[in-house]
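Q: Quick one: the structure is below, questions incoming.
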Amino acid sequence: MKFTVKASVQETNNPLYVIQVSGKYGYMNKSGEIIITPKYVDASNHLYNETEDLAAVAVDKESWGYIDKQGNISIDFKYKAAGEFSEGLAQVQNQNRKTGYINKTGDTVIPFQYDRAKSFSNGLAPVLLNEKWGYIDKANKVVIDFKYEDAEGFAEGLLPVMKNGQWGFINTSGKTIIDFQFDLAYGFGEGLASVKKGDLWGYIDTTGKFVIEPQYTNAYLFSEGLANVDKNGKFGFINKDNEMIIKEQYDRAISFQNGLSRIKLGDKWGYINTMGEVIYHPTN
(Lines give C-alpha, C1' and ligand atoms only; values in the text may rest on other atoms or scores of the structure.)
Protein backbone atom coordinates (compact mmCIF):
# COMPACT_ATOMS: atom_id res chain seq x y z
CA MET A 1 0.00 0.00 0.00
CA LYS A 2 1.43 3.39 -1.00
CA PHE A 3 0.66 6.66 0.71
CA THR A 4 0.92 10.15 -0.73
CA VAL A 5 3.59 12.33 0.83
CA LYS A 6 3.36 16.07 0.19
CA ALA A 7 6.62 17.14 1.83
CA SER A 8 9.86 15.45 2.70
CA VAL A 9 11.49 16.25 6.04
CA GLN A 10 15.10 15.73 7.00
CA GLU A 11 15.27 13.04 9.67
CA THR A 12 16.85 13.56 13.07
CA ASN A 13 17.67 10.42 15.07
CA ASN A 14 15.39 8.46 12.70
CA PRO A 15 12.23 8.85 14.78
CA LEU A 16 9.21 6.69 13.99
CA TYR A 17 5.56 7.67 14.30
CA VAL A 18 2.47 5.61 14.94
CA ILE A 19 -0.06 5.15 12.10
CA GLN A 20 -3.40 3.41 11.84
CA VAL A 21 -4.47 1.53 8.73
CA SER A 22 -7.75 -0.44 8.61
CA GLY A 23 -7.93 -0.38 12.39
CA LYS A 24 -4.41 -1.74 12.94
CA TYR A 25 -1.38 0.15 14.24
CA GLY A 26 2.15 0.31 12.87
CA TYR A 27 4.89 2.90 12.40
CA MET A 28 6.19 5.18 9.66
CA ASN A 29 9.34 7.29 9.34
CA LYS A 30 9.42 11.05 9.05
CA SER A 31 8.96 10.90 5.27
CA GLY A 32 5.73 8.92 5.54
CA GLU A 33 7.21 5.54 4.57
CA ILE A 34 5.85 2.54 6.48
CA ILE A 35 8.63 0.92 8.50
CA ILE A 36 6.62 -1.41 10.77
CA THR A 37 3.57 -2.95 9.10
CA PRO A 38 0.28 -2.09 10.86
CA LYS A 39 -0.80 -5.26 12.69
CA TYR A 40 -1.31 -4.29 16.34
CA VAL A 41 -4.63 -3.51 18.04
CA ASP A 42 -3.10 -0.58 19.92
CA ALA A 43 0.24 1.21 20.15
CA SER A 44 2.03 4.03 21.94
CA ASN A 45 2.24 7.34 20.13
CA HIS A 46 5.85 7.48 18.98
CA LEU A 47 9.23 5.85 18.84
CA TYR A 48 10.84 9.17 19.59
CA ASN A 49 14.58 8.83 19.10
CA GLU A 50 17.66 6.69 19.54
CA THR A 51 17.50 7.00 23.34
CA GLU A 52 13.91 5.88 23.81
CA ASP A 53 13.87 3.32 21.03
CA LEU A 54 11.18 0.86 22.15
CA ALA A 55 7.45 1.20 21.55
CA ALA A 56 4.60 -0.29 23.57
CA VAL A 57 2.21 -2.29 21.37
CA ALA A 58 -0.72 -4.60 22.07
CA VAL A 59 -1.75 -7.84 20.36
CA ASP A 60 -5.07 -7.57 22.21
CA LYS A 61 -6.45 -4.95 24.57
CA GLU A 62 -4.86 -6.52 27.68
CA SER A 63 -1.71 -8.04 26.19
CA TRP A 64 1.01 -5.39 25.88
CA GLY A 65 4.71 -5.71 25.14
CA TYR A 66 7.49 -3.79 23.42
CA ILE A 67 9.06 -3.83 19.96
CA ASP A 68 12.24 -2.23 18.64
CA LYS A 69 12.54 0.03 15.60
CA GLN A 70 12.84 -2.94 13.26
CA GLY A 71 9.60 -4.40 14.61
CA ASN A 72 11.32 -7.17 16.61
CA ILE A 73 9.75 -8.16 19.91
CA SER A 74 11.99 -6.90 22.73
CA ILE A 75 9.71 -7.55 25.73
CA ASP A 76 6.98 -10.20 25.61
CA PHE A 77 3.26 -9.44 25.54
CA LYS A 78 2.51 -10.12 29.20
CA TYR A 79 1.21 -6.85 30.63
CA LYS A 80 -2.36 -5.61 30.96
CA ALA A 81 -1.18 -2.09 30.17
CA ALA A 82 2.12 -0.47 29.24
CA GLY A 83 3.42 3.08 29.01
CA GLU A 84 6.15 4.60 26.89
CA PHE A 85 9.76 4.43 27.98
CA SER A 86 11.08 7.63 29.49
CA GLU A 87 14.52 8.03 31.01
CA GLY A 88 15.10 4.30 30.57
CA LEU A 89 12.03 3.10 32.47
CA ALA A 90 8.40 2.34 31.56
CA GLN A 91 5.37 1.89 33.78
CA VAL A 92 3.54 -1.42 33.23
CA GLN A 93 0.54 -3.10 34.83
CA ASN A 94 0.61 -6.78 35.83
CA GLN A 95 -2.20 -9.32 35.82
CA ASN A 96 -3.27 -8.19 39.31
CA ARG A 97 -3.66 -4.66 37.98
CA LYS A 98 -0.79 -3.29 40.05
CA THR A 99 1.73 -0.99 38.41
CA GLY A 100 5.52 -0.96 38.57
CA TYR A 101 8.43 -0.02 36.32
CA ILE A 102 10.65 -2.09 34.04
CA ASN A 103 13.88 -1.39 32.18
CA LYS A 104 14.56 -2.08 28.51
CA THR A 105 15.54 -5.68 29.12
CA GLY A 106 12.17 -6.30 30.82
CA ASP A 107 13.59 -6.51 34.36
CA THR A 108 11.33 -5.20 37.11
CA VAL A 109 13.15 -2.20 38.58
CA ILE A 110 10.35 -0.82 40.78
CA PRO A 111 7.95 -3.43 42.23
CA PHE A 112 4.31 -3.76 41.24
CA GLN A 113 2.89 -1.92 44.23
CA TYR A 114 1.12 1.14 42.87
CA ASP A 115 -2.48 1.59 41.76
CA ARG A 116 -1.44 3.90 38.92
CA ALA A 117 1.78 5.45 37.69
CA LYS A 118 2.96 7.95 35.10
CA SER A 119 6.20 8.41 33.20
CA PHE A 120 9.48 9.55 34.73
CA SER A 121 10.61 13.06 33.94
CA ASN A 122 13.73 14.67 35.37
CA GLY A 123 14.19 11.68 37.66
CA LEU A 124 10.75 11.74 39.27
CA ALA A 125 7.47 9.95 38.56
CA PRO A 126 3.97 10.56 39.94
CA VAL A 127 2.42 7.39 41.42
CA LEU A 128 -0.93 6.60 43.04
CA LEU A 129 -1.20 4.63 46.29
CA ASN A 130 -4.32 4.29 48.45
CA GLU A 131 -6.11 7.00 46.44
CA LYS A 132 -3.38 9.61 46.91
CA TRP A 133 -0.63 10.74 44.55
CA GLY A 134 3.00 11.32 45.41
CA TYR A 135 6.38 11.24 43.65
CA ILE A 136 9.13 8.64 43.66
CA ASP A 137 12.65 8.57 42.29
CA LYS A 138 14.21 5.75 40.25
CA ALA A 139 15.27 3.94 43.43
CA ASN A 140 11.58 3.86 44.46
CA LYS A 141 12.27 6.32 47.25
CA VAL A 142 9.32 8.57 48.10
CA VAL A 143 10.45 12.12 47.35
CA ILE A 144 7.08 13.84 47.85
CA ASP A 145 4.52 12.26 50.16
CA PHE A 146 1.23 10.76 49.05
CA LYS A 147 -1.18 13.59 49.75
CA TYR A 148 -2.45 14.87 46.43
CA GLU A 149 -5.65 14.10 44.52
CA ASP A 150 -3.82 14.09 41.17
CA ALA A 151 -0.34 14.85 39.85
CA GLU A 152 1.48 15.33 36.56
CA GLY A 153 5.10 15.05 35.43
CA PHE A 154 8.00 17.18 36.62
CA ALA A 155 9.15 19.81 34.13
CA GLU A 156 11.21 22.99 34.33
CA GLY A 157 11.53 22.77 38.11
CA LEU A 158 7.83 22.55 38.91
CA LEU A 159 5.28 19.80 39.48
CA PRO A 160 1.54 20.32 38.84
CA VAL A 161 -0.58 18.77 41.61
CA MET A 162 -4.20 18.89 42.77
CA LYS A 163 -5.29 19.55 46.35
CA ASN A 164 -8.85 20.17 47.57
CA GLY A 165 -10.07 20.16 43.99
CA GLN A 166 -7.69 22.89 42.81
CA TRP A 167 -4.40 22.69 40.91
CA GLY A 168 -1.17 24.46 41.72
CA PHE A 169 2.57 23.94 41.32
CA ILE A 170 5.12 22.76 43.86
CA ASN A 171 8.88 22.30 43.78
CA THR A 172 10.76 19.08 44.54
CA SER A 173 10.78 19.94 48.26
CA GLY A 174 6.99 20.03 48.24
CA LYS A 175 6.86 23.80 48.68
CA THR A 176 3.99 25.58 46.94
CA ILE A 177 5.40 27.88 44.24
CA ILE A 178 2.18 28.75 42.38
CA ASP A 179 -0.94 28.79 44.53
CA PHE A 180 -3.74 26.23 44.17
CA GLN A 181 -6.15 28.24 42.06
CA PHE A 182 -6.70 26.41 38.78
CA ASP A 183 -9.43 23.96 37.79
CA LEU A 184 -6.88 21.92 35.81
CA ALA A 185 -3.22 22.27 34.90
CA TYR A 186 -0.60 20.58 32.75
CA GLY A 187 3.17 20.69 33.09
CA PHE A 188 5.48 23.39 31.81
CA GLY A 189 6.93 23.33 28.33
CA GLU A 190 9.27 25.99 26.96
CA GLY A 191 8.55 28.25 29.93
CA LEU A 192 4.75 28.16 29.81
CA ALA A 193 2.08 25.87 31.28
CA SER A 194 -1.53 25.52 30.17
CA VAL A 195 -4.08 26.00 32.96
CA LYS A 196 -7.84 26.09 33.18
CA LYS A 197 -9.82 28.79 35.00
CA GLY A 198 -13.55 28.24 34.91
CA ASP A 199 -14.42 26.91 31.48
CA LEU A 200 -11.44 28.28 29.56
CA TRP A 201 -7.70 27.58 29.17
CA GLY A 202 -4.76 29.94 28.97
CA TYR A 203 -1.01 29.91 29.67
CA ILE A 204 1.01 31.04 32.69
CA ASP A 205 4.73 31.56 33.22
CA THR A 206 6.75 30.07 36.08
CA THR A 207 5.67 32.90 38.41
CA GLY A 208 2.00 32.06 37.87
CA LYS A 209 1.30 35.15 35.78
CA PHE A 210 -0.97 34.76 32.77
CA VAL A 211 0.93 35.29 29.53
CA ILE A 212 -2.02 34.18 27.41
CA GLU A 213 -5.36 34.86 29.08
CA PRO A 214 -7.92 32.02 29.32
CA GLN A 215 -9.75 31.88 25.99
CA TYR A 216 -9.52 28.32 24.65
CA THR A 217 -11.76 25.29 25.09
CA ASN A 218 -8.60 23.26 25.66
CA ALA A 219 -4.87 23.93 25.49
CA TYR A 220 -1.79 21.74 25.60
CA LEU A 221 1.98 21.79 25.89
CA PHE A 222 4.24 24.17 24.00
CA SER A 223 6.71 22.13 21.96
CA GLU A 224 8.98 23.30 19.16
CA GLY A 225 7.57 26.81 19.58
CA LEU A 226 3.93 25.82 19.05
CA ALA A 227 1.02 24.68 21.22
CA ASN A 228 -2.11 22.84 20.15
CA VAL A 229 -5.29 24.59 21.24
CA ASP A 230 -9.00 23.93 20.83
CA LYS A 231 -10.95 26.95 19.63
CA ASN A 232 -14.67 26.46 19.15
CA GLY A 233 -14.32 22.72 18.70
CA LYS A 234 -11.42 22.72 16.25
CA PHE A 235 -7.69 22.42 16.94
CA GLY A 236 -4.95 24.63 15.60
CA PHE A 237 -1.51 25.76 16.76
CA ILE A 238 -0.49 29.06 18.35
CA ASN A 239 2.90 30.59 19.09
CA LYS A 240 3.88 32.27 22.37
CA ASP A 241 2.50 35.59 21.09
CA ASN A 242 -0.90 33.87 20.83
CA GLU A 243 -0.87 34.08 17.04
CA MET A 244 -2.69 31.23 15.29
CA ILE A 245 0.15 29.83 13.14
CA ILE A 246 -1.69 26.74 11.90
CA LYS A 247 -5.38 27.45 11.43
CA GLU A 248 -7.88 25.70 13.71
CA GLN A 249 -9.26 22.95 11.48
CA TYR A 250 -8.57 19.58 13.13
CA ASP A 251 -10.76 17.45 15.37
CA ARG A 252 -7.72 16.48 17.47
CA ALA A 253 -4.06 17.42 17.48
CA ILE A 254 -1.07 16.12 19.44
CA SER A 255 1.91 18.28 20.47
CA PHE A 256 4.81 18.41 18.01
CA GLN A 257 7.61 15.89 18.47
CA ASN A 258 10.62 15.72 16.17
CA GLY A 259 8.98 18.14 13.77
CA LEU A 260 5.62 16.39 13.31
CA SER A 261 2.19 16.53 14.93
CA ARG A 262 -0.42 13.79 14.75
CA ILE A 263 -3.76 15.31 13.70
CA LYS A 264 -7.28 13.92 13.34
CA LEU A 265 -9.89 14.77 10.71
CA GLY A 266 -13.18 13.00 11.32
CA ASP A 267 -12.20 9.45 12.28
CA LYS A 268 -8.88 9.53 10.39
CA TRP A 269 -5.39 10.35 11.67
CA GLY A 270 -2.48 11.87 9.79
CA TYR A 271 0.61 14.05 10.34
CA ILE A 272 1.59 17.63 9.60
CA ASN A 273 4.88 19.49 9.97
CA THR A 274 5.38 22.82 11.77
CA MET A 275 4.46 24.68 8.58
CA GLY A 276 1.09 22.92 8.47
CA GLU A 277 2.05 20.81 5.45
CA VAL A 278 0.61 17.31 5.32
CA ILE A 279 3.33 14.67 5.67
CA TYR A 280 1.01 11.70 5.99
CA HIS A 281 -2.55 12.01 4.75
CA PRO A 282 -5.23 10.99 7.28
CA THR A 283 -6.27 7.33 7.21
CA ASN A 284 -8.07 4.97 9.55
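Q: Residue check: is residue 179 closer than 16 Å to residue 160 by Cβ and surrounded by fewer than 14 Cβ atoms within 10 Å (Cβ to Cβ)?
A: yes
Q: Let me ask you something else. Given the options 19, 35, name the one that is at pLDDT below 95, within 18 Å of the chain's Cα centre (by Cα) and either assigned to a loop (DSSP other than H, G, I, E, B) or among the aliphatic types (A, V, I, L, M) (or both).
A: Exactly one of 19, 35 is at pLDDT below 95, within 18 Å of the chain's Cα centre (by Cα) and either assigned to a loop (DSSP other than H, G, I, E, B) or among the aliphatic types (A, V, I, L, M) (or both), namely 19.
Q: Can I ask one more? Scanning region 106-149 for residues that are surrounded by fewer than 21 Cβ atoms within 10 Å (Cβ to Cβ), over 19 Å from the mean Cα position of the chain (by Cα) and in contact (Cβ under 8 Å) with a residue 24 or more places away in the chain, which turns out nearest to residue 161 (Cα to Cα)?
A: That would be 145.
Q: In this structure, does residue 209 turn out to be basic (Lys, Arg) and free of Cβ contacts under 8 Å to residues at least 24 places away in the same chain?
A: Considered against the rule, which asks whether it is basic (Lys, Arg) and free of Cβ contacts under 8 Å to residues at least 24 places away in the same chain, residue 209 comes out as yes.
Q: At least 2 residues that are within 23 Å of residue 145 (Cβ to Cβ) and among the hydroxyl-bearing types (Ser, Thr, Tyr) in each: list the strands (runs of 3 or more DSSP E) lying fully within region 78-129 that qualify. It would help to see each step written out before you state the result.
A: Details: elements: 90-93, 99-102, 108-114, 125-129.
Passing ranges, in order: 99-102.
Q: Here are the criteria: (1) buried (at least 19 other Cβ atoms within 10 Å of the Cβ); (2) assigned to a strand (DSSP E or B); (3) under 19 Å from the mean Cα position of the chain (by Cα). Tell me which single one residue 153 does not satisfy.
A: (2)
Q: Right, another one. Would you please name the residue that is nearest to the chain's Cα centre (by Cα), looking only at residues in region 188-209 that are surrounded by fewer than 18 Cβ atoms within 10 Å (Cβ to Cβ) and under 20 Å from residue 159 (Cβ atoms)? Step through it out loud before you land on a result.
A: Filtering region 188-209 down to residues surrounded by fewer than 18 Cβ atoms within 10 Å (Cβ to Cβ) leaves 190-191, 197-200, 205-209.
Right, trim to under 20 Å from residue 159 (Cβ atoms) and you get 190-191, 197, 205-209.
Details: 190: 15, 191: 17, 197: 22, 205: 21, 206: 21, 207: 24, 208: 23, 209: 25 Å.
Taking the candidates together, the pick is 190.
Q: If we keep just the residues of region 62-93 that are charged (D, E, K, R) and in contact with a Phe, Trp or Tyr (Cβ under 9 Å, 6 or more places away or on another chain), which is surrounded by the fewest Cβ atoms within 10 Å (Cβ to Cβ)?
A: Step one: list which residues in region 62-93 are charged (D, E, K, R), which gives 62, 68-69, 76, 78, 80, 84, 87.
Subset that is in contact with a Phe, Trp or Tyr (Cβ under 9 Å, 6 or more places away or on another chain): 62, 69, 76, 78, 80, 84, 87.
Working: 62: 13, 69: 18, 76: 11, 78: 13, 80: 17, 84: 17, 87: 15.
Residue satisfying both the conditions and the ranking: 76.
The values are calculated or read from the model by the stated rules, or taken from the named source; none is laboratory data. Computed from a prediction, not measured in an experiment: that's the story for all the values here. Note that each Cβ is placed from the backbone with ideal geometry, even for glycine, and that neighbours are counted across all protein chains shown.
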